[in-house]
1. Please list, ordered by first then second residue, the pairs with beta carbon atoms under 7 Å, 6 or more apart or interchain, first in region 199-226 and more than 11 Å from residue 7 (Cβ to Cβ), second among the small types (Gly, Ala, Ser).
2. Against the condition buried (at least 18 other Cβ atoms within 10 Å of the Cβ), modelled with pLDDT of 95 or more and away from the ligand (no atom under 13 Å from the Cβ), how does residue 149 come out, does it pass?
3. Identify all residues within region 143-199 that are more than 25 Å from residue 122 (Cα to Cα) and among the hydrophobic types (A, V, I, L, M, F, W, C); write none if there are none.
4. Sort out which residues of region 274-300 are within 18 Å of residue 154 (Cβ to Cβ) and over 23 Å from the mean Cα position of the chain (by Cα), and write them in order of number.
5. For a quick check of your reading of the model, give me the residue pairs whose first member lies in region 133-162 and is closer than 11 Å to residue 302 by Cα, whose second is charged (D, E, K, R) and away from the ligand (no atom under 11 Å from the Cβ), with beta-carbon atoms closer than 8 Å and at least 6 apart or on different chains.
6. For residue 182, state whether it is in contact (Cβ under 8 Å) with a residue 24 or more places away in the chain, surrounded by 16 or more Cβ atoms within 10 Å (Cβ to Cβ) and over 19 Å from residue 313 (Cβ atoms).
7. Name the one entry in 83, 35, 73 that is within 22 Å of residue 360 (Cα to Cα) and at pLDDT 95 or above.
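The values are calculated or read from the model by the stated rules, or taken from the named source; none is laboratory data. Since the structure is predicted, the reported quantities are computational estimates derived from the model, not experimental observations. Counting neighbours? That spans all protein chains shown, and the Cβs are built from the backbone with ideal geometry, glycine included.
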Amino acid sequence: MAEKFLMVGAGLSGAVIGRELAQAGHEVEIVDTRNHIAGNCHTERDDETGVMVHVYGPHIFHTDDAEVWSYVNGFETFMPFKNRVKTTSGGQVYSLPVNLHTINQFFGKTFRPEEARAFIEAQADKSITDPQTFEEQALRFVGKDLYEAFFKGYTQKQWGCSPTELPASILKRLPVRFNYDDNYFFHKFQGMPENGYTRMVERILDHPNITVKLGVHFDRSQAVDFAHVFYSGPLDGYFAYELGRLGYRTLDFERFTYEGDYQGCAVMNYGDFSVPYTRITEHKHFSPWEEQAKSVCYREFSRSCEPDDVPYYPIRMVKEKALLADYAARAERESRVTFVGRLGTYRYLDMDVTIREALDTARLYLSKKEQGIKMPTFVHSPI
Ligand code: UDP
């Protein structure tokens, strides 16, 4: 029998779960407090320059998951795109992630791969056997000089605290390569939606059983009209922040335009702590198949997220983890709601993982329904 579902949030999680349920014959209502769909991967054409802008900062689609890749390609053409990030540090421009070119340029050498590996190994602090913090991980794997040039200042700006307070897992996102491969990601599939992420999400939502309502604030009393709620808003927001707020970093973007090509690449990081922004994004380089005379760039500043700001990166340090455990326990006592996505589970999630989890969540719901088993509050645990 067809049921009615509420998706709170019209980002990737809400859209993908909603689509799966709609295709299975159910009615789906999707609400979002913002006046646009696609959450933080929202893209928009800039009126002044005609450039497709990543409104909430750079989003590059990369995955090893063949099903997710085929899923997104089913809704939008993905154009070939390799993320080649540069970084400015100490008055020079280097290539990221740290690769043979970066190492040779930084140390003024002409190392071949094995020589560079031995050299970096000699720089590494081998007294650190089981790195726990970001700093320990960096000192263990790249040594003090590279750490200070490329990671220390950037990370301090990005997270607003010392890398000695951050978990090693954040640095583990970045590889070190002993060849000239400067592709930021190592995934099999990588690309950029031809007409932006918002167009892709629009098509995912384009189904007769789906209704989207924008500018709508959700409160728990609305849940009674639905068989189940999939909630992708902030976990603490669901409980009206009763126990306090989970910490996030937010971003401020300082927009500027330029006649021509401002920096020659999509993303230029700034490793020095003395430069107040973390990076500059020049959006037209995300669509290299298009041609625009003018350019639009965002200088990106990171700071602590206040109540009216857009939450970006969950902080997940000791203090937040304790509060998270309390909210998660409270969530477990709710029925007919499943918390999903980056904000619903308070995790740092890439887009492909978000889609994978959303597909799995919808399928789990449908199979549990068939067997008459209750759907869990978290399919993917926030803890
Ligand atoms: N990072 C750094 N220097 C850089 C780029 C990244 O120290 O030039 C660190 C920083 O702490 C960041 C983490 O590595 O939060 C992960 O980087 P990634 O590029 O994955 O961050 P995102 O694009 O998700 O913000």
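1. 201/15; 201/38; 204/15; 207/22; 209/22
2. On the way: buried (at least 18 other Cβ atoms within 10 Å of the Cβ): yes; modelled with pLDDT of 95 or more: yes; away from the ligand (no atom under 13 Å from the Cβ): no.
No, not satisfied.
3. Of everything in region 143-199, those that are more than 25 Å from residue 122 (Cα to Cα) and among the hydrophobic types (A, V, I, L, M, F, W, C) turn out to be 159, 161, 185, 186, 189, 192.
4. Scanning region 274-300 gives 274, 275.
5. That search, which allows pairs on different chains as well, returns 160/303.
6. Taking the combined requirement at face value, the residue satisfies it.
7. On the way: 83 fails: within 22 Å of residue 360 (Cα to Cα); 35 fails: within 22 Å of residue 360 (Cα to Cα).
After applying the criteria, what remains is 73.
This table checks each residue for (1) farther than 30 Å from residue 16 by Cα; (2) buried (at least 18 other Cβ atoms within 10 Å of the Cβ).
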| residue | (1), (2) |
| --- | --- |
| 75 | no, yes |
| 82 | no, no |
| 88 | yes, no |
| 93 | yes, no |
| 104 | yes, no |
| 114 | yes, no |
| 117 | yes, no |
| 121 | yes, no |
| 133 | yes, yes |
